[in-house]
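**Q** Got a structure for you, written out below as structure tokens; questions coming shortly.
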Amino acid sequence: MHDDLKSRDKKVNWHPYTQMKTASDIIPIVRGQGVYLFDDKGNRYIDAVSSWWVTLHGHAHPYIAQKVSEQLHTLEQVIFAGFTHEPAIRLSENLLQLLPDNQSKVFYTDNGSTAIEVALKMCIQCAHNKGMKKTKILAFNNAYHGDTFGAMSVSSRGIWTQPFGEMLFEVIFIDVPTKDNLPLLKNIIDQHLDQLAGFVYEPLVQGAAGMLMHDPDDLSALMKYCRSKNLLMIQDEIFVGFGRTGKLFATDHLTEKPDIICFSKGLTGGTFPLGLTTCTDLIFDAFCSDDAHKTLFHGHSFTANPLACTAALASLELLLKKETQEDIQRICREHEKFAKEMAVHPAVKNVRQCGTILALELQITQKTSYFNKQHKNLYPYFLSQGILLRPLGNIIYLVPPYCISTADLKYIYQTITKALTMPPKQYCKTNLSS
Ligand SMILES: *Cc1c(COP(=O)(O)O)cnc(C)c1O
């Protein structure tokens, strides 16, 4: 008899962001359909986190599957140096049309971290190619931009980056802008300006930090100052792009235009790994030269993979449909209603919403709730109720695929509400396999 998937997995696989020694039970998923995932025992889960924020239109979407299948029978992969193909050309054309008009070129990679690496290299080498040495980057406190070394460097330093501390390059960290701190932030920028190659930021929502949010007008004001000082701006839309904020892109909330924009995650509707970095002519032109040294020497084996580009084209087509746009607005409205209820709940310290992204920060002070250290048990509890929610510490957040029904949304809200009023002992004992 074959071992089951769980024990076979345990023998051979090392999972991301997982302490393998104390890891809770892993769940083998055998099928996905729309907003649902099905495990090997036939249990169904509502994917309320879009499988780490990537799935836009639901799992195994038939239209994307059909388009990718056709492409798979036509051209599955080709080297992207010296060669090109229709899916990459069309994807760049279609995407650039939707972005601020200063964006003119697309550089492909295959995930979010590498899209950030490319953006950082663009800024640093842009200065280098112009005969300047600029080696520092400006970033926000609590930032998360990925797990490769450059992306780690510009991310908040903590438990994740601690073993690599001294190997990470120098970054000037500032707070996210508010009405009050702008003069202070301008001061810090001025102090380091001649060494700053660029400013990288997650616009509106700092996802991995716990869905921290800042005001678009304050960010616009900061961007305006960077523009006036010719400081290159890298906008990381890897999480917030493609409708998450209620608008197509975070940039649609802002009055200022970045120099570089990074995308991944929802880019392919969550079906294939693909990343891309767009930039202005100003940056591109700094690399165009008869001097070979000025080339951007960067590329990945699967740069602009035709299958991934095809999936991205199909996903973008679905996203722009009237029905999908209405779904996004419907989720925003439902979230808003629930947020209002939760704002006065005694177990909730703070409620944050940006479009389809909703976060509930739970009280952790002893007096006001049971949740001190107990929030760990929320994850298995939600699973036992057929919902995939992965709280970040004491923050429960929802990032659902846009095809989620209002009934499923309401079921999630009800389950959260129930969990917040339940003594933790009760849900600690929930048996997952039951
Ligand atoms: C997930 C994420 C990244 C990294 O993308 P990966 O594809 O996981 O490497 C970068 N920036 C932000 C804002 C993200 O949410």
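Where a number appears in this text, it was derived from the coordinates with a stated rule and is not lab data. Just so you know, these numbers come straight off a predicted model, no measurement behind them. Positions of Cβ are backbone-derived with ideal geometry, glycine not excepted, and every protein chain shown enters the neighbour counts.
**Q** Could you work out the relative contact order of the range 75-319, using alpha carbon pairs under 8 angstrom and six or more residues apart, expressed as a whole percent?
**A** 30
**Q** Taking 7 Å along the Cα-to-C-beta vector as the label spot, tell me the Ser69-Val171 distance in nanometres, rounded to one decimal.
**A** Going from the Ser69 label point to the Val171 one covers 4.3 nm.
**Q** Separate question: Amide H neighbours of Thr280 under 5 Å, counting only residues 5+ apart in sequence or on other chains, H built in-plane at 1.01 Å?
**A** Placed amide hydrogens put Ser104 under 5 Å from Thr280.
**Q** Turning to a different aspect of this structure: Ranked highest first by average number of other Cβ atoms within 10 Å, how do 39-51, 183-195, 224-236, 106-118 line up? Each step should come with its number before you reach the end.
**A** Numbers: 39-51: 17.8, 183-195: 13.9, 224-236: 20.0, 106-118: 24.4.
Ranked from most to least packed, the peptides come out as 106-118, 224-236, 39-51, 183-195.
**Q** Can you give the net charge of the other residues whose Cβ lies under 14 Å from the Cβ of Asp4, counting K and R as +1 and D and E as -1?
**A** 0
**Q** Next question. Tally Lys and Arg at +1 and Asp and Glu at -1 over the other residues with C-beta under 11 Å from the C-beta of Tyr201: what net charge comes out?
**A** Taking every Cβ under 11 Å from that of Tyr201, the sum is -3.
**Q** At 222 nm, what value in deg cm²/dmol follows for the chain if DSSP H runs of at least 4 each add -39500 (n - 2.57) and the sum is divided by all its residues, to the nearest 500?
**A** -11000 deg cm²/dmol
**Q** While we're here: Based on DSSP, what percent of beta bridges with both residues in the chain are antiparallel, to the nearest 5?
**A** Among the beta bridges of the chain, antiparallel pairing accounts for roughly 65 percent.
**Q** Given the Cα-Cα distance of Met20 and Thr295 and 0.36 nm per residue of separation, how much length would full extension add, in nm?
**A** Length gained between Met20 and Thr295: 94.8 nm.
**Q** If one computes P(r) from the Cα atoms of the chain, what percent of pairs lie at distances over 28 Å?
**A** Percent of Cα pairs beyond 28 Å in the chain: 52.
**Q** If you line up the long axis of helix 406-421 against the longest principal axis of the chain, both from Cα atoms, how many degrees apart are they, to the nearest 10?
**A** 70
**Q** A further question follows. How tilted is helix 216-228 with respect to the longest principal axis of the chain? Cα atoms for both, answer in degrees (0 to 90, nearest 10).
**A** Roughly 20 degrees between the two axes.
**Q** Here's something else I'd like to know. Below 8 Å between Cα atoms, with a sequence gap of 6+, how large is the relative contact order for the range 35-157 in percent?
**A** 13
**Q** Normalising by the residue count of the chain, find the relative contact order in percent from Cα pairs under 8 Å and 6+ residues apart.
**A** Computed over the chain, the figure is 21 percent.
**Q** Please compute the alpha carbon radius of gyration of the range 224-293, then divide it by the globular-protein estimate 2.2 N^0.38 Å. Two decimals is fine.
**A** Rg over 2.2 N^0.38 Å, computed on Cα atoms: 1.31.
**Q** While we're looking at this one, here's another question. Could you compute the FRET efficiency for Asn102 and Asp147, with r as their C-beta to C-beta distance and R0 at 22 Å, rounded to 0.05?
**A** Working: r = 29 Å, r/R0 = 1.33.
In this case the efficiency is close to 0.15.
**Q** Just order 210-218, 280-288, 21-29 by mean Cβ neighbour count inside 10 Å, highest at the front, would you?
**A** In descending order of packing, they fall as 210-218, 280-288, 21-29.
**Q** Past 30 Å, Cα to Cα, is the threshold; run Lys130/Lys247; Lys224/Lys247; Lys179/Lys418; Lys21/Lys349; Lys10/Lys410; Lys130/Lys257 against it and keep the listed order.
**A** Lys130/Lys247; Lys179/Lys418; Lys21/Lys349; Lys10/Lys410
**Q** Further, regarding this structure: Percentage of Cα-Cα pair distances in the range 75-319 greater than 31 Å, rounded to whole percent? Could the numbers behind the result be given before it?
**A** Numbers: 5680 of 29890 pairs.
Everything past 31 Å amounts to 19 percent.
**Q** Taking H placed 1.01 Å from N in the peptide plane, check which residues at least 5 places from Leu392 or on another chain put their amide H under 5 Å from its amide H.
**A** So Leu392 has HN proximity to Tyr397.
**Q** Cut-off under 18 Å on the C-alpha distance; same-chain residues fewer than 8 positions from Lys41 excluded. Which aspartates and glutamates are left, in chain and number order?
**A** Leaving aside aspartates and glutamates fewer than 8 places away in the same chain, those within reach of Lys41 are Asp3, Asp4, Asp9, Asp25.
**Q** Among Phe338, Phe38, Phe297, which one moves the most in a GNM of the chain with springs linking Cα atoms closer than 10 Å?
**A** Phe297
**Q** Could you go through the range 149-163 in sequence order and give the Karplus-derived ³J(HN,Hα) for each residue, using 6.51 cos²θ - 1.76 cosθ + 1.60 with θ = phi - 60°, rounded to whole Hz, and x for Gly and Pro?
**A** Using θ = phi - 60°, the values come out as 4, x, 5, 5, 4, 8, 9, 4, 7, x, 4, 6, 9, 3, x Hz.
**Q** Could you run the Karplus curve 6.51 cos²θ - 1.76 cosθ + 1.60 with θ = phi - 60° over the range 82-87 and give me ³J(HN,Hα) per residue in whole Hz, x for Gly and Pro?
**A** Using θ = phi - 60°, the values come out as x, 9, 9, 7, 4, x Hz.
**Q** Which is farthest toward the positive dipole end of the chain among Gly82, Ser264, Phe164, measuring Cα position about the Cα centre, with Cβ charges +1 (Lys, Arg) and -1 (Asp, Glu)?
**A** Final value for the positive-end residue is Phe164.
**Q** A further question follows. Give me, ordered by chain and number, the residues 5 or more places off Phe199 or on other chains with an amide H under 5 Å from its own placed amide H.
**A** Amide H neighbours of Phe199, under 5 Å, 5+ apart: Leu138, Leu232, Met233, Ile234.
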